[in-house]
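Below is one structure, written out as structure tokens; comments come after it.
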Amino acid sequence: MTGSRPNASATQLSHADVRQRAHAVDDGTAITIEYVATTGSRTIRTVSGLDLDPPYLYTWCHLRNAERVFTLSRIHGVMPPA
């Protein structure tokens, strides 16, 4: 993993959300994210195995049951896994 440094491109996230994401990267725990795709559609996804490499988050998506890459600026919320 590349680390858990906060990313300036994720400015819409609260400090608490950035800390929760950093904790999940450091500890390898799952989190749930609210993600807005380029089409504008919103999804709630539980992800794990996070690898932060700004401006991207590489992870396992439980919704799609596959590896996915998320753009940090499109993550609009972070919460504990459902």
Tell me, which strands (runs of 3 or more DSSP E) wholly within segment 14-81 include 3 or more residues that are charged (D, E, K, R) and within 12 Å of the chain's Cα centre (by Cα)? 42-53
Sort out which residues of segment 23-41 are small (Gly, Ala, Ser) and farther than 17 Å from Cys61 by Cα, and write them in order of number. Gly40
Meets criteria (surrounded by fewer than 16 Cβ atoms within 10 Å (Cβ to Cβ) and at pLDDT below 95) for Pro80: yes
Check Arg68, Arg74, Arg21 and return the single one that is crowded, with 18+ Cβ neighbours inside 10 Å, charged (D, E, K, R) and modelled with pLDDT of 95 or more. Arg74
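The values are calculated or read from the model by the stated rules, or taken from the named source; none is laboratory data. Just so it is clear, the structure is predicted and the values come from calculations on it, not from any experiment. Every residue, glycine among them, receives a Cβ derived from its backbone with ideal geometry; neighbour counts consider all protein chains shown.
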